[in-house]
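To keep things clear, I will list the structure first and then write my remarks on it.
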Amino acid sequence: MTQLGKVVAGVVLGPIVVVVAGIGGCEATKAYYDWQVREMCAKDGGANVYERMAISPAMFKELKGDLGGGLAIPHESMRRPEIPFYWRSEQRTVREGNPRIARTEHLIIRRSDGKVLGKAVFYGRSGGDFPFTVSEASYFQCPQQTHLERQIFFTEGTIK
């Protein structure tokens with residue numbers, strides 16, 4: 001191959017090699033942090049129910065949301081005096097940067113005494129994608145869903 005051919009090949013193939021290596025490196029990084037998220041989930045992720053609570057059929061009907069059979073429990077900032085419970089969410093960053101890892105804890109709390117009826121812990125990774133992507137950052141979360149309210153609440157007259 002002539003010197004000119006080598007230069008042309010380098011100019012054409014160089015950027016392709018950089019892009020392929022960049023994408024491969026980003027995917028390997030995301031796979032590593034997704035593995036870390038799974039490890040954290042295995043340790044303390046998922047739902048914990050501390051106390052089950054009976055609610056009237058009327059309240060169950062009132063709180064029926066479009067959540068795949070779940071209840072539309074009000075957030076603590078929107079709590080209403082006639083509903084004896086609310087939810088709160090707390091999030092902390094486990095890893096800053098790109099990708100970012102966060103731990104989110106959802107609590108369902110009884111209004112009368114402030115007792116936590118249950119909690120659900122989620123871990124998630126966002127970002128870590130190749131820098132020139134035009135779509136939103138990818139993410140990974142575990143567990144996918146806990147349906148904590150289904151585990152805590154039951155209607156009066158049904159078996160616990």
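Remarks
- Of all residue pairs spaced 6 or more apart or on separate chains, those with beta-carbon atoms under 6 Å, a first member in region 137-160 that is closer than 18 Å to His75 by Cα and a second member that is part of a loop (DSSP other than H, G, I, E, B) and at pLDDT 85 or above are Glu149/Ile73; Ile152/Arg52.
- Residue under evaluation Tyr86, criteria (1) surrounded by 13 or more Cβ atoms within 10 Å (Cβ to Cβ); (2) not in a strand (DSSP E or B), criterion not met: (2)
- When region 119-137 is filtered for residues that are at pLDDT 85 or above and touching a helix residue (DSSP H, G or I) at 6+ places or on another chain (Cβ under 9 Å), the ones remaining, listed by number, are Lys119, Ala120, Val121, Phe122, Tyr123, Gly124, Arg125.
- Cβ-Cβ distances below 9 Å connect the following pairs, each with a first residue in region 44-59 that is β-branched (Val, Ile, Thr), a second residue that is assigned to a loop (DSSP other than H, G, I, E, B), and a separation of six or more residues or different chains: Ile55/Pro84; Ile55/Glu156.
- So Arg80, is it farther than 30 Å from Asp129 by Cα and touching a Pro at 6+ places or on another chain (Cβ under 7 Å): yes
- Among the residues of region 22-54, the ones that are at pLDDT 90 or above, among the polar types (S, T, N, Q) and part of a helix (DSSP H, G or I) come to 1 in all.
- Residue match in region 59-70 (condition: in contact with a helix residue (DSSP H, G or I) (Cβ under 6 Å, 6 or more places away or on another chain), crowded, with 16+ Cβ neighbours inside 10 Å and not in a loop (DSSP other than H, G, I, E, B)): no
The values are calculated or read from the model by the stated rules, or taken from the named source; none is laboratory data. Note that the structure is predicted; figures quoted are calculated from it, not measured. When we count neighbours, we look across all protein chains shown, and the Cβ atoms used for this are built from the backbone with ideal geometry, even at glycine.
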